[in-house]
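Here is the structure we will look at, set down as structure tokens.
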Amino acid sequence: MEIETHLVKKIVKFPEICTNCKIKMLEGEVYHLEEGVKEHLHSLISRKFCSKCYEKYGEKQLLVKRE
């Protein structure tokens, strides 16, 4: 069973690492957090993407399931 997800714009409160490019995102920066559309997506498996990756690839491409 797969959970349908989307990205939500957030502000970094604690340093985070971008799931895609692995750069460190610092406090106060904007990032995009993966959340479930209808179901809860546990924070341990949700992905976080920096604004540069979001602008470059867009939500649809970033959310493609990785094998």
With the first residue restricted to the range 37-51 and required to be over 12 Å from Val8 (Cα atoms), and the second required to be open to solvent by 40 Å² or more (accessible area, probe 1.4 Å) and in a loop (DSSP other than H, G, I, E, B), Cβ contacts under 6 Å at 6 or more apart or on different chains are Glu39/Ile3; Leu41/Ile3
Flagged in the range 6-22 as of a type in the set (A, V, I, L, M) and within 15 Å of Glu55 (Cα to Cα), in numbering order, are Leu7, Val8
Of those in the range 14-67 that are outside any strand (DSSP E or B) and small (Gly, Ala, Ser), the residue nearest to Ile3 (Cα to Cα) is Ser46
Residue hits (the range 1-40; among the hydrophobic types (A, V, I, L, M, F, W, C), over 12 Å from the mean Cα position of the chain (by Cα) and farther than 17 Å from Lys56 by Cα) are Met1, Ile3, Phe14, Leu26, Val37
Selection over the range 8-67 where residues are hydroxyl-bearing (Ser, Thr, Tyr) and open to solvent by 70 Å² or more (accessible area, probe 1.4 Å) yields a count of 3
Filtering the range 19-36 for residues that are hydrophobic (A, V, I, L, M, F, W, C) and free of Cβ contacts under 8 Å to residues at least 24 places away in the same chain leaves a count of 2
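The values are calculated or read from the model by the stated rules, or taken from the named source; none is laboratory data. These numbers were taken from a predicted model, which means no experiment stands behind them. FYI the Cβ positions are ideal-geometry reconstructions off the backbone, even for glycines, and counts take in every protein chain you see. Accessible surface is based on the protein model in full, side chains and every heavy atom, while ligands, DNA and RNA are left aside. Shrake-Rupley method; radii C 1.70, N 1.55, O 1.52, S 1.80 Å.
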